[in-house]
Amino acid sequence: MTTTAPGASTVIGLCCRECARPYPPEALHVCEYCFGPLEVAYDYEAIAAATSREKISAGPTTIWRYADLLPADASDPVNLGAGFTPLVRAHRLAAELGLGELWVKNDTLNPTGSFKDRVVSVALTKARELGFKVGACASTGNLANSVGAHAAHAGMESIVFIPHDLEEAKVVTTAVYGGKLVAVEGNYDDVNRLCAELASEHPTWAFVNVNVRPYYSEGSKTLAFEVAEQLGWRVPDHVVVPIASGSQLTKVHKGFDELYKVGLLDEEPHVRVSGAQAAGCSPVATAFAEGTDHVRPQKPCTIAKSLAIGNPADGWYALDSVRSTGGAVGSVTDDEIVEGIRLLARTEGIFAETAGGVTIATLAKLAAEGVVRPDERVVAYVTGHGLKTIDAVSRQCGPTATIAPTMEAFNQAIEVQT
Ligand SMILES: *Cc1c(COP(=O)(O)O)cnc(C)c1O
Ligand SMILES: [Zn+2]
């Protein structure tokens, strides 16, 4: 039962993460027998034979340079240029936090300003390959932007569902692409439930994070691939990753292991994976702190709206990644998130959205607690651009002074050292 898609010849099919039952590589996402989530299964020997560091470095400067490890036909991808974002050595932030070798993966610089472009590029490429003409999603904001943009580029229709109380910037920057945008009176978990129902009513819609989720989620592995390549085919000792559904964190973990499996790393990686959440929506951090396996749903209340998933689909798997690698999950208050945004901007010149504030503030907390150590090579994943969540910092950030256009007024208002 393995019909192989053109181009993606290294994909064996789908496989249940719980009971390992095989499925064909189609728009399927749950196991009929145990209701476990499905995941893409690869022929790693075939990938090892096909791929090499040289081949990758000669590839496009997008996620598609890792096509051998992605589950869609890379000969004609839905591609706006997602990926291969800068890995910035953060000397000044490291000094503030008492850390040593610290890097920031600046994923604010994707085509629509967030890491979601990675997963959407993969999901819609696969969806188009499977014959879908409509791209859909349930979104906390960034996914909406990305599905709108990629569908427009591919000439597909889009229908995007968001909670009604999103930041204005995220609404406008989705609607501008011309697809259908539906604001739902409820939180993300309400939106997601509605979309699960709609997905079964409309089997001709590719819901990127529902019926094509197994392909979508694989796009996040490129966050690990790029970091390893950018570090000269070495891995970090410790990464800090924000958690919404938990998919990104799980796949970053998987990405490092896959590189070793296919022979792209010299040594077996031992990357500690830590997670970051907002205190106002911290189901995974709470389960971690309580030492349980049970991720209890929460009602989100935080300025980090892009991470506001109270019932995370991959929460358990994210916990498992963190625990099995010796990481931790931290959570931070809204004030700490704002401070995290400003700290990153002031020390490194990178302006992140609230999710980036969550990552940096959590990194600061884990560093203060000694969980993230000064002897470790650390990478913090900053996943969305600050221009989308201006409101979070607009009260603290304005002109130093407003003056009449005269020298006198300037000299009175501003003290200059040199
Ligand atoms: C969606 C999102 C995440 C996390 O995504 P999950 O894979 O659902 O955990 C992180 N950062 C930003 C900016 C996002 O939009
Ligand atoms: Zn199963």
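Here, each number is a calculation from the coordinates, and none is a lab measurement. Computed from a predicted model, the values in this text were never measured in an experiment. Methodologically, a virtual Cβ is constructed for each residue, glycine included, from the backbone with ideal geometry; neighbour enumeration extends over all protein chains shown.
Along segment 275-291 the Karplus relation, 6.51 cos²θ - 1.76 cosθ + 1.60 evaluated at θ = phi - 60°, assigns HN-Hα couplings of x, 10, 9, 7, 4, x, 7, 10, x, 7, 4, 5, 4, 5, 5, 7, x Hz to successive residues, with x for each Gly and Pro.
Can you give the direction-averaged projected area of the convex hull of the alpha-carbon atoms in the chain, in nm²?
On the way: hull surface 88.0 nm².
Mean projected area of the Cα convex hull: 22.0 nm².
Once the piece of chain linking Ala49 and Gln396 is laid out straight, how much longer is it, given 0.36 nm per residue of separation minus the C-alpha distance between them?
On the way: separation 347, 0.36 × 347 = 124.92 nm, distance 5.40 nm.
The Ala49-Gln396 span can extend by a further 119.5 nm.
Take the Cα of Asp320, go 7 Å toward its beta carbon, and the backbone nitrogen atoms of segment 18-55 under 19 Å from that spot belong to 18-23, 29-42. Computed from Cα positions, the angle between helix 354-368 and the longest principal axis of the chain comes to roughly 80 degrees. Under a Gaussian network description of the chain, with springs only between Cα atoms under 10 Å, the residue in Ala48, Ala289, Ala392 that fluctuates furthest is Ala289. Helix 247-261 and the long axis of the chain differ in direction by around 60°, with both axes built from C-alpha atoms.
If R₀ is 35 angstrom, what is the calculated FRET efficiency for the pair Ala289 and Glu157, using the beta carbon separation as r and rounding to 0.05?
Working: r = 44 Å, r/R0 = 1.24.
Given R0 = 35 Å and the Cβ-Cβ separation, E is 0.20.
Amide H contacts of Ala82: Ile63, each under 5 Å away and 5 or more positions distant or on a separate chain (H built 1.01 Å from N in the peptide plane; Pro and chain starts excluded).
For Asp266 and His91, what does the FRET efficiency come to when R0 = 22 Å and r is the distance between their Cβ atoms, rounded to the nearest 0.05? So the FRET efficiency works out to roughly 0.25.
Name the residue from Val295, Gly255, Ala279 whose Cα lies farthest towards the positive end of the charge dipole of segment 230-307, charges +1 on Cβ of Lys and Arg and -1 on Cβ of Asp and Glu. The Cα lying farthest towards the positive end belongs to Ala279.
Between Leu387 and Ala20, 0.36 nm times their residue separation minus their Cα-Cα distance comes to what? It would help to have the intermediate numbers written out before the result.
Values: separation 367, 0.36 × 367 = 132.12 nm, distance 4.27 nm.
Difference between extended and current length: 127.9 nm.
Counted by Cβ distance under 14 Å from Glu45, the other residues give a net charge of -2, where Lys and Arg count +1 and Asp and Glu count -1.
Summing Cβ point charges (Lys, Arg +1; Asp, Glu -1) relative to the Cα centre of the chain gives a dipole of roughly 280 debye.
Highest mean first, what order results for 334-347, 24-37 on Cβ atoms within 10 Å? Intermediate values should be presented prior to the final figure.
On the way: 334-347: 20.5, 24-37: 16.1.
With the highest mean Cβ count within 10 Å placed first, the list reads 334-347, 24-37.
Working from Cα pairs under 8 Å separated by at least six residues, relative contact order for segment 288-418 is 19 percent. Averaging Cα coordinates gives a centre for segment 278-304 and one for segment 344-407; these two points are 23 Å apart. The value of relative contact order for the chain, using C-alpha pairs under 8 Å at least six residues apart, is 15 percent.
The alpha-carbon atoms of segment 1-99, seen along their principal axes, cover 53, 32, 27 angstrom, with the largest extent given first. The listed peptides 209-221, 178-190, ordered by packing as a protection proxy, come out as 209-221, 178-190 (highest mean of other Cβ atoms within 10 Å first). When peptides 133-142, 120-129 are sorted by average Cβ neighbour count within 10 Å, with the highest value leading, the order is 120-129, 133-142. Straight-line cross-link partners of Lys261 among the lysines, defined as a Cα under 27 Å from its Cα and at least 8 positions apart when in the same chain: Lys55, Lys105, Lys116, Lys126, Lys221, Lys251. For segment 237-383, what class follows from the C-alpha gyration tensor (a ≥ b ≥ c being the square roots of its eigenvalues): rounded when a/c is under 1.5, otherwise prolate if a/b is larger than b/c, else oblate? Because a/c hits 1.5 or more and a/b fails to exceed b/c, segment 237-383 counts as oblate. Helix 116-129 and the longest principal axis of the Cα set of the chain meet at an angle near 20°.
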